[in-house]
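This report concerns only the one structure given below.
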Amino acid sequence: MNTKPLSREFYSFMIFFLSISCIMALIQSGALVIIGSQMMGLESFNSWMWLVLFVIAVTNAALVRYLWHNSYRLAAVACVVSTLAVFFHYALILNRELRVFYQEHYHAVAFFLFGTAMLWGLSLVFTKAGEKRWLRLSGIVTVFIEVLLAATFVLYFQTSEGSTKLLIDKVSRWISLLGSLAPVCFVIHFRLENKRLTVTDNVPAQTIPALVKLAAFVGLLFLGFNFSVEAFRYSMPFKPSITDLRRSKAMESYHFVDKSGDSLHYRLLNPLDYDSTKQYPLIVCLHHGGAHGKDNMQQLSADPAPFLMELPTRTKYPAFVFMPQCPKGLGFSGAYGNASVDSLVFRTIRQLQGRLPIDRKRIYVMGISGGGYGSWHFISAHPEMFAAAIPICGGGDPQYGPRLVNVPIWAFHGARDRLAPVAHSRDMIAAIRKAGGHPKYTEYEYAGHGIWDNVKREDIMEWMFAQHKE
């Protein structure tokens, strides 16, 4: 151990940044509790993440210096490894090219994070650092939280029941919130260390540390406020606008319940000038992630629904339009093992076939973003059901390419999409073509995630209505 103690300014710096870390962890965990992974879609998410990375880098660099100075070498190394793992994780989230790798290796990345965090916690318990009570307690808390998170992670992906997945997901969010309190132990430790410091240094405050503290404080004040407010607004109950209410009057509201009690809210738009003696196509319209809920209304304003409800579209292309609403915490595709509402949608479609004059040779599916992933999933799960699909900003599992050879597909994606990597569409198209299929694919070179205005100018309805099963 070095004989010369660290300065009071250093301890003050550590206490400040550890306190900032606690506040930021509470903000982020709180957002996770109220809106879950949907926080990644918030406009302020990226800027908030950069602030988080800045604070983690500064805090852990100072922490490593303290651990090394006091000859807690193993703990210092474990801290570095854990920090690098966290930076790797955030890099995968923030970079649209790396996000493809992240989604494809999600389980491996998660266990890598659990492992490095546990290593860090154990180093505070079983090495020389454990002689300090509050460091040891921080390690115990860290290990306990990581074990619980790893257990809920395994349980989540082992169960196939949607309601059980939702419960496990909620439990894991609250565990994460409790885990955000771990830095409090460090704050207490450094406050006690500072009080024990007998050497009074008269070194004037340095400019760079002061500026770094100011940057962190201002960033927390503004970016933390924006992130918190946006997450809170996202969690508020949906309030329909006059346009939403007008659209809802044009469509009947329904509620499908299966034998197990699981339910699905949906809207159904009848063909214009409906004639019950005729058969009509059925368009399955899947909304994006921003329309999840239980109100059975938000999906009416989520593209492509408004386009399908327009009078010119309905006049030229008469059809039943089925618009299910996915509850929060679920998805249409079940991508990467997440909870899905797909089975309920398929059962509802079969019920509609039994009571409406639907042309079974002309059932189409289209959707954007989460609905785009759902479109790929639907035709992969039941290629015999659909006459055509228009997946927009989506993706699926390329292993199902051979099953989709005979399904007419026109896929769309923006080359600069940061939310849904363009590689997901490219991989699906490549897999189908390799198997001998001929899907259509349109990629907008300079577009991002919001490509619907481009797509609706294409002849998608004319192309889709020209498709039918033999």
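Just to be sure before I move on: is PRO421 modelled with pLDDT under 95, open to solvent by less than 10 Å² (accessible area, probe 1.4 Å) and closer than 26 Å to HIS292 by Cα in the structure I sent? The answer is yes for PRO421.
Residues in region 140-160 that are among the charged types (D, E, K, R) and within 20 Å of the chain's Cα centre (by Cα): how many? Residues that pass the stated criteria total 0.
Filtering region 141-172 to residues that are of a type in the set (Lys, Arg) and either open to solvent by 60 Å² or more (accessible area, probe 1.4 Å) or at pLDDT 90 or above (or both) leaves only LYS170.
Among the residues of region 378-403, none is identified as farther than 19 Å from ASP359 by Cα, over 27 Å from the mean Cα position of the chain (by Cα) and surrounded by 24 or more Cβ atoms within 10 Å (Cβ to Cβ).
Spot the failing condition for ALA76; the list is (1) farther than 17 Å from ALA216 by Cβ; (2) within 27 Å of the chain's Cα centre (by Cα), and only one is missed. For ALA76, the exception is condition (2). Residue count for region 18-58 under the criterion of being assigned to a loop (DSSP other than H, G, I, E, B) and surrounded by fewer than 16 Cβ atoms within 10 Å (Cβ to Cβ): the result is 1.
Closer than 16 Å to VAL100 by Cβ, at pLDDT 95 or above, of a type outside the set (Phe, Trp, Tyr) and in contact with a strand residue (DSSP E or B) (Cβ under 9 Å, 6 or more places away or on another chain), is that true of ILE451? Here the answer is no, as ILE451 does not meet what is asked.
Scanning region 187-215 for residues that are modelled with pLDDT of 90 or more and under 25 Å from LYS132 (Cβ atoms), we see that the one that is surrounded by the most Cβ atoms within 10 Å (Cβ to Cβ) is PHE190. Check whether at least one residue in region 120-129 is open to solvent by 20 Å² or more (accessible area, probe 1.4 Å), among the hydroxyl-bearing types (Ser, Thr, Tyr) and closer than 27 Å to SER44 by Cα, and report yes or no. No, the conditions are met nowhere in region 120-129.
The condition of being hydrophobic (A, V, I, L, M, F, W, C), surrounded by fewer than 16 Cβ atoms within 10 Å (Cβ to Cβ) and under 22 Å from ALA25 (Cα atoms) holds for only one of ALA75, ALA61, that being ALA61. Of note, SER369 does not satisfy the criterion of being within 21 Å of HIS449 (Cβ to Cβ) and modelled with pLDDT under 90.
Within region 330-362, the set of residues being at pLDDT 85 or above and in a strand (DSSP E or B) comprises GLY331, ILE358, ASP359, ARG360, LYS361, ARG362.
The values are calculated or read from the model by the stated rules, or taken from the named source; none is laboratory data. Treat the numbers as computed from the prediction; the structure is a model and nothing was measured. Backbone-built Cβ (ideal geometry, glycine too); neighbour counts: all protein chains shown. Quick note on the areas: whole protein, heavy atoms, side chains included, nothing else; ligands and nucleic acids left out. Shrake-Rupley method; radii C 1.70, N 1.55, O 1.52, S 1.80 Å.
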